[in-house]
Amino acid sequence: MIDSLLNLVLGLLASAISAGLGWLAQTVRRRRRLGRVREFFGMPGGTECLLVVNRQSPAASSKSVSRNDVYALMELAALVKECGAQADIVAHDQVRQGLGGKAEFCLGGPDSNERTAAHLRNWLPGAGFVTEPGRTYSDTIMAGDELFRHEHDDEIPKAYVLLARVHAAEGSRPVFLIAGQTATSNHAAVRYLTANHRQLARRYGRDGAFALVLRVINPHVYGPDVVELASDVTAKAFATAG
């Protein structure tokens, strides 16, 4: 009887220890994962980050924001919350601060976001948006000798977005530039970034800069869900003229 009771107690104790060790291991893994996410996005717990909002283009009001850009901002806000940081949402024409003090997510192409235009000029001189003959807006992405056109009239429409990470100086907080030809492509790039940050971190490192052009397939049917890498334009985007 005593032996049976002792075996029962030892069994319960072993189960409790095993469950405790399992919980501890899961907690350690979650903390390590969160630490890697915070490191890649430059958002340690308790810090602030900047969400720079574009305007809907063309729009009657300078404060109008596309629905898909709002969805993209909501997903970025969820990422900020996961990291334990605080989001400061500011209109693109109201930002008066430099780079590196806070992590920054800058949403929208240069026609709808003045800060995107400045980032392209100052930090990615080899990339930009150009107006081609017969088109009204600067909606063709250029990176070196590569052109990525908004193919909305094709049998399978495609839109492109430039996704880049910029570091103003070593150890500074990163700026993530999300410059799409459409609001849906902006949203797609945010989803790509949040889903693939581990792979991007392994390839480019903690402080590494990168510039990618993503292709969004048939956005009118699939929305922001079908997105693929069109080209890694890092070398071309950060190259200076001459």
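Derivation of every value follows stated rules applied to the coordinates shown; laboratory data play no part. Every value quoted in this text rests on a predicted model; they were computed, and no experiment measured them. Cβ coordinates were reconstructed from backbone atoms using ideal geometry, including for glycine residues, and neighbour counts include every protein chain displayed.
Normalised by the number of residues in the range 42-238, the mean separation of alpha-carbon contacts (under 8 Å, six or more apart) gives a relative contact order of 21 percent.
What does the net charge come to around Val80 if you take all other residues with beta carbon closer than 14 Å to its beta carbon, with K and R at +1 and D and E at -1?
On the way: positive: Arg38, Lys81, Lys102, Arg173; negative: Glu48, Glu75, Glu82, Asp88, Glu104.
For residues surrounding Val80, the net value is -1.
Measuring nothing but alpha carbons in the range 175-234 and taking Rh as the Kirkwood radius, the Rg to Rh ratio lands at 0.97. On the beta carbon distance between Arg33 and Glu155, with R0 = 41 Å, the FRET formula returns roughly 0.50.
Summary of packing: across the peptides 33-45, 102-114, the per-residue average of other C-beta atoms within 10 Å ranks them, highest first, as 102-114, 33-45. A simple count of charges around Gly208, restricted to other residues whose Cβ falls under 15 Å of its Cβ and scoring Lys, Arg +1 and Asp, Glu -1, yields +3.
Averaging the sequence gap over all C-alpha pairs within less than 8 Å and six or more residues apart, then dividing by the number of residues, gives the range 82-173 a relative contact order of 22 percent. Length gained on full extension, Asp145 to His197, computed as 0.36 nm times the residue gap minus the Cα-Cα distance: 16.0 nm.
Each eigenvalue of the Cα gyration tensor of the range 109-235, multiplied by 5 and square-rooted, gives one semi-axis; in descending order these are 23, 18, 12 Å.
On the beta carbon distance between Thr240 and Tyr204, with R0 = 25 Å, the FRET formula returns roughly 0.80.
Taking 0.36 nm per residue of sequence separation and removing the Cα-Cα distance, the Asn218/Glu48 pair yields an extension gain of 57.6 nm. The loop-placed trypsin sites (Lys or Arg not before Pro) in the range 166-226, going by DSSP, that have at most 16 neighbouring Cβ atoms within 10 Å of their Cβ come out as Arg206.
Taking label positions 7 Å along the Cα-Cβ direction at both Ala118 and Met74, the computed distance is 3.0 nm, reported to one decimal.
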